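J.: Have a look at this one.
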Amino acid sequence: MQRKIVLIASLVCGLVAALLTRTYLTFKEGEVKEKLRKIDRTYGVVSVLTFARDMPAGSVISDADLKPREAPAIGMRGHALSKENLSYVVGRKLMTTRRQGEVAFWTDIEGGNPYAKGLSSGVKRKMRAMSVNVSGAAAVSGMVKPNDHVDVIGTFNFPDDEGKIKRGDLVTSTILQNVLVLATGRDTAMSQSLELGSRGTGYTTVTLEVTPREAEMLAFAEQIKGRLVLTLRNPNDTYTEAELPQVDYLKIREEIEELNKKRQLEAGLPSPSRSSASPSATRR
C-alpha cells in the first residue's frame, strides 16, 4: 500500500513538473515572440532568401536551393539576398558552407554583389552612360527615376546663316526620344532595389544611356549653354515622332491655335475660340 502511495505521489509530482515546465516554456516563447514583434515594429520586416537545404562550399546554386521568408530588416538591407536577386545568383557557386534555414548573403556568393561593381556593368554594349545637368522642373519636378524613359528637349540661341549666335533669338528642339534613364544623381535602379540609394528627389544630374553620337550632341548642347529639359514617357510607349520641327516664337504664334483645336477635338471638348487661343488676339 505504501509503495502504491509513493508511486502515485511520484506520478503526480512528475505531472506537476511537466505542467510547470510547459508553462515556463510557453511563457518564454511568448517573451521571445514579443521581442521579435518589437524588433519588427522598430526596424521593419523584409523578405529575404534562405537556404532550402544544407549546402557545402562550392555548390552551384539552383532555383530550388533558395526560398523566401520574412526577417527583421536590421542588418539585412543591402546584404541579404531578396527574391528579386534570385536570377542573379542561379548558376553561381557558394563560397561558404551554409545550413538549411540560414539567410543567404551576397558575401556567400562567388563574385559577390554585381551591383557593387558600379554603373558601368549595367551599360549595354555599344552604348554609353552620360550625365546631363537637369533638376527640378526640368526633370518633371524630380519625379524622373532610374529605368524611366524620357525625351530630351533643348533650348538654344539661334544661329544666323553664317553660324554666328544672335543673342536673344531662341529655338527649342527635341534632341533625343525614348532614352533610358540609368541614374538620378547617384541613385540607380540597382541601388534602389537594395535600398542603398538616397531615394530622394534632390538630384541635379540625370544619367542617360546613349550612343556615342548622341553623347556628342548632348555634350555640344551643354557646351553652348543650352538648357535641357526631360519629358517623361509611359514605360510601354515606344512611339517616336518623325520630323519634329524646331520651335521659336513665330512657330508658336503660327501653330498654337491649331494645336489647341486638335487637343480639344481629341478630348471630345468644344474647340476654343480664337480670342482664347491666339497670343496675338490676347495682346489686342
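J.: Return the subset of K145/K225; K67/K93; K28/K93; K93/K126; K225/K261 for which the Cα-Cα distance in this structure is over 28 Å, preserving the input order. If you can, show how the numbers build up before the last one.
T.: Working: K145/K225 25 Å; K67/K93 17 Å; K28/K93 39 Å; K93/K126 30 Å; K225/K261 34 Å.
Distance filter (> 28 Å) returns K28/K93; K93/K126; K225/K261.
J.: Sequence-distant or interchain residues sharing an amide H contact under 5 Å with L176, placed H: which?
T.: V152
J.: Between Q223 and L259, what FRET efficiency follows from the Cβ-Cβ distance if R0 is 35 Å, with the result rounded to 0.05? Kindly include the intermediate steps, with their values, before the conclusion.
T.: Numbers: r = 32 Å, r/R0 = 0.91.
The value I calculate is 0.65.
J.: In nm, to one decimal, how far is the D248 label point from the S59 one, both placed 7 Å along Cα→Cβ?
T.: Result: 7.1 nm between the two label points.
J.: Let me ask something else. Of the GluC sites (Glu not before Pro) in region 201-269, which ones lie in a loop per DSSP and count no more than 10 other C-beta atoms within 10 Å?
T.: Numbers: sites: E209, E214, E216, E222, E241, E243, E254, E255, E257, E258, E266; in loops: E241, E243.
In loop regions of region 201-269 (DSSP not H, G, I, E or B), the sparsely surrounded GluC sites (Glu not before Pro) are E241, E243.
J.: Would you mind getting me the FRET efficiency between S120 and S87? Use the beta-carbon distance for r and R0 = 22 Å, nearest 0.05. Please report the intermediate quantities before stating the final value.
T.: On the way: r = 20 Å, r/R0 = 0.92.
For S120 and S87, the calculated efficiency is 0.65.
J.: Another question, if that's okay. For region 45-112, what's the radius of gyration and Dmax over Cα atoms, in angstrom?
T.: Spelled out, the Cα radius of gyration and Dmax of region 45-112 are 10.7, 30 Å.
J.: Using a Cα-Cα cut-off of under 13 Å, which aspartates and glutamates could be cross-linked to K251, ignoring same-chain neighbours fewer than 8 residues away?
T.: In chain and number order, the partners are D169.
Readers should treat all values here as calculations from the given coordinates under stated rules, not as data from a laboratory. Please read all numbers here as calculations on a predicted model, not as lab measurements. Please note: Cβ atoms are built from the backbone with ideal geometry, for glycine as well, and neighbour counts cover all protein chains shown.
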